[in-house]
Amino acid sequence: MIELVEYFISLEGEGMSTGLPTWFIRFPGCNLNCEWCDTEKEKKIEIKEESLIEIINKTDIGRICFTGGEPLLNEEKLLTIMKGLHFNSFSVQTNGTIYPKHDETIEMIDEWSISPKLITSGSRRDDEIVKKLIFAVHEAGNFAELKFVFQCIEDLNDLVLFIQEHRDFLEMFLTPVILQPVWGVNCGRLIQDDVCEILRKFPEIHLRVMIQTHKVLGFR
C-alpha cells in the first residue's frame, strides 16, 4: 500500500514545463515547515501501488509529477511507481534538502524542480545538497531548475547572496533560476523594481519571474 494526499490530472502550473498536461501524485509529509506553504501534507488515501499504476497506464497522459510535501521522503515508492509505468516522463518537486539514496532515482526522473528556501520562509536551506543534486542530474543527462519563492525584499536580498556565492556554478550548468512570488502577496512597486534590478544585474544567469499559473486559471 502507498499513502498519498491525492492523485489527479491537471496542467503543470509552475516552472519551465508550465502548461503541460500532467498526472500529479502528491505524497504526505515534509521535513520543512515553510510559513507560506499552501499545500496539504496529511495522508488522505491509501492505494495499492499496482492499482495506481494501472489507473495511470490506462490514460494517455504521459507526464508524471511527484510532489508533496517532500516526495523524496518516499523515494522507494517513487521508484516502484516509475518502474511500473510505461511511455512516461517523470518530474519531481523537491525542496533540495534531501539527496536521493539511489542513483536510479536521479537517472529515471527527467525533470527536477528544486526549490531552496529563502530567509523569511522559516525553513533551512542546504546549498551543498542543492549543488550536488544539480551536478548529478546534469551528469545523468536530465534537466534541473531552481525555483525561489519570495514574499519580501529580505527574500530578494537572500537570493542575491545565493547567486553571488554560486554564480560560476549556475553559469556552468545553465540552470534556469525562477523567481516565484508567494500567491496572494501584493509585492508592490518597490519589490517590482528590486526584481527587475536583479534580472538586470545577472544577465548571464537564466533568471526569470514566473507565477503559479494554475491558480490564476482556477485549476487544481
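The values are calculated or read from the model by the stated rules, or taken from the named source; none is laboratory data. Since the structure is predicted, the reported quantities are computational estimates derived from the model, not experimental observations. All Cβ positions, even for glycine, are placed from backbone atoms using ideal geometry, and neighbour counts span all protein chains on display.
At a glance:
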item	result
Positions within segment 133-150 being part of a helix (DSSP H, G or I), surrounded by fewer than 20 Cβ atoms within 10 Å (Cβ to Cβ) and touching a helix residue (DSSP H, G or I) at 6+ places or on another chain (Cβ under 7 Å), in sequence order	Ala136, His138
Some residue of segment 31-39 being free of Cβ contacts under 8 Å to residues at least 24 places away in the same chain and either on the phi < 0 side of the Ramachandran plot or β-branched (Val, Ile, Thr) (or both)	yes
Among residues of segment 116-136, those that are under 14 Å from the mean Cα position of the chain (by Cα) and of a type in the set (A, V, I, L, M), counted	3
Residue list for segment 166-178, filter: closer than 18 Å to Val209 by Cα, surrounded by 14 or more Cβ atoms within 10 Å (Cβ to Cβ), at pLDDT below 95 and hydrophobic (A, V, I, L, M, F, W, C)	Leu170
Number of the condition not met by Phe87 [criteria: (1) among the hydrophobic types (A, V, I, L, M, F, W, C); (2) buried (at least 16 other Cβ atoms within 10 Å of the Cβ); (3) farther than 21 Å from Val177 by Cα]	(2)
Any hit, segment 148-167, residues being closer than 16 Å to Pro100 by Cα and among the β-branched types (Val, Ile, Thr)	no
From Ile163, Ile211, Ile153, residue being surrounded by 13 or more Cβ atoms within 10 Å (Cβ to Cβ), β-branched (Val, Ile, Thr), over 15 Å from the mean Cα position of the chain (by Cα) and modelled with pLDDT under 95	Ile153
Options Glu154, Glu128, Glu111, Glu145; residue that is in contact with a Gly (Cβ under 7 Å, 6 or more places away or on another chain) and among the charged types (D, E, K, R)	Glu145
Test set (1) within 30 Å of Gly62 (Cα to Cα); (2) in contact (Cβ under 8 Å) with a residue 40 or more places away in the chain - Arg124 fails condition number	(1)
Yes/no for Lys117 being of a type in the set (Lys, Arg), modelled with pLDDT of 95 or more and surrounded by 14 or more Cβ atoms within 10 Å (Cβ to Cβ)	yes
Test result for Met16, farther than 24 Å from Arg208 by Cβ and hydrophobic (A, V, I, L, M, F, W, C)	no
Cβ pairs under 6 Å, 6+ apart, first in segment 51-80 and closer than 14 Å to Phe24 by Cα and touching a residue at least 60 places away in the same chain (Cβ under 8 Å), second small (Gly, Ala, Ser) and surrounded by 15 or more Cβ atoms within 10 Å (Cβ to Cβ)	Gly69/Gly29
Where a residue in segment 153-168 is of a type in the set (Asp, Glu) and its partner, wherever it lies, is surrounded by 15 or more Cβ atoms within 10 Å (Cβ to Cβ), with Cβ under 7 Å and at least six apart	Glu154/Ile119; Glu154/Thr120; Asp155/Leu118; Asp155/Ile119; Asp155/Thr120; Asp158/Leu118; Asp158/Ile119
Selection count, segment 55-70, where residues are charged (D, E, K, R) and exposed (fewer than 12 other Cβ atoms within 10 Å of the Cβ)	2
